[in-house]
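Participant: First, the structure itself, so that you have it in front of you.
The values are calculated or read from the model by the stated rules, or taken from the named source; none is laboratory data. Note that this is a predicted model, so its numbers are computed, not measured. Glycine also receives a Cβ, built like all others from the backbone with ideal geometry; neighbour counts cover every protein chain displayed.
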Amino acid sequence: GAGVSQSPRYKVAKRGQDVALRCDPISGHVSLFWYQQALGQGPEFLTYFQNEAQLDKSGLPSDRFFAERPEGSVSTLKIQRTQQEDSAVYLCASSYLAGGAGEQYFGPGTRLTVT
Amino acid sequence: LAKTTQPISMDSYEGQEVNITCSHNNIATNDYITWYQQFPSQGPRFIIQGYKTKVTNEVASLFIPADRKSSTLSLPRVSLSDTAVYYCLVFGSSNTGKLIFGQGTTLQVKP
């Protein structure tokens, strides 16, 4: 079956531009997570949705970062006024259980480069 | 949240068994130990999860001693395609769903 898909796979933005990153989770998965992975580092948690409810946004680095999942399936991570330190791979993961229970299915990520 | 410590890198040769040990001294009673694998340009992939003693699946084995302060991921007869970063995580109800990754162990398998 289809896994988690993300688009675009690569995005180049000029500093100050807004970007929107899309995640299509596995159908029927209740939980959806966003992570940010800098080069050479492990992924870092950004935010968590259970269906359409955003239950945890403690990892969002600033108010320039905004995520939504309006119908409990597809999610969008938006970054406003991008800065160079936002350059990273943004990973989306989903799980069929509420809270993830440790096993999450990751997409391939979107590599964002801010110039 | 329990912090994990694992070697930054390891080298091995094809056909060998590889054991990666992770320490998690302040693991809580209801925490599980989880391992993920990540190839370049891909998202992490769940390998195995356990609570105590030994867990085995088609990919790996996970050994957890009685005190649960450490765990060992065992990969039997590695091949070049096992070259990847391996992350040890501790997961429990206090995580509220999020996974907390460290730097992981970069395993390089040589021919």
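Participant: So for the stretch A:33-44 (the condition being in a strand (DSSP E or B) and without any contact (Cβ under 8 Å) to a residue 40 or more places away in the chain), does at least one residue qualify? Give the derivation first.
Facilitator: Let us first name the residues in the stretch A:33-44 that are in a strand (DSSP E or B), namely A:33-37, A:44.
Next, from what is left, pick out any that are without any contact (Cβ under 8 Å) to a residue 40 or more places away in the chain: A:44.
Yes, the stretch A:33-44 has at least one match.
Participant: What is the residue count in the stretch B:28-59 for residues that are β-branched (Val, Ile, Thr), within 14 Å of chain A (Cβ to nearest Cβ) and over 29 Å from A:Val89 (Cβ atoms)?
Facilitator: Of the stretch B:28-59, the ones β-branched (Val, Ile, Thr) are B:29, B:33-34, B:47-48, B:53, B:55-56, B:59.
Those left that are additionally within 14 Å of chain A (Cβ to nearest Cβ): B:33-34, B:47-48, B:55, B:59.
Checking the rest, the ones that are also over 29 Å from A:Val89 (Cβ atoms) come to B:55.
The qualifying residues number 1.
Participant: Tell me whether the stretch A:21-29 contains one or more residues that are within 13 Å of the chain's Cα centre (by Cα), in a loop (DSSP other than H, G, I, E, B) and away from chain B (no Cβ under 11 Å). Step through it out loud before you land on a result.
Facilitator: Restricting attention to the stretch A:21-29, the residues satisfying the condition of being within 13 Å of the chain's Cα centre (by Cα) are A:21-25.
If we keep only those that are in a loop (DSSP other than H, G, I, E, B) too, we end up with A:25.
Applying the additional criterion that residues be away from chain B (no Cβ under 11 Å) yields A:25.
The answer is yes, given that some residue of the stretch A:21-29 is within 13 Å of the chain's Cα centre (by Cα), in a loop (DSSP other than H, G, I, E, B) and away from chain B (no Cβ under 11 Å).
Participant: In the stretch A:65-87, how many residues are farther than 12 Å from A:Ala13 by Cβ and crowded, with 20+ Cβ neighbours inside 10 Å?
Facilitator: Total meeting the criteria: 4.
Participant: Here's a follow-up. Suppose we filter the stretch A:58-115 for residues that are within 11 Å of chain B (Cβ to nearest Cβ) and either part of a loop (DSSP other than H, G, I, E, B) or of a type in the set (D, E, K, R) (or both); how many remain?
Facilitator: 14
Participant: While we're here: Quick check on my filter: what residues within the stretch B:32-48 are surrounded by fewer than 23 Cβ atoms within 10 Å (Cβ to Cβ) and either on the phi > 0 side of the Ramachandran plot or assigned to a loop (DSSP other than H, G, I, E, B) (or both)?
Facilitator: Within the stretch B:32-48, B:Phe39, B:Pro40, B:Ser41, B:Gln42 meet the criteria.
Participant: For B:Ser74, work out the one condition from (1) at pLDDT 95 or above; (2) in a loop (DSSP other than H, G, I, E, B); (3) farther than 23 Å from A:Gln37 by Cβ it doesn't fulfil.
Facilitator: (2)
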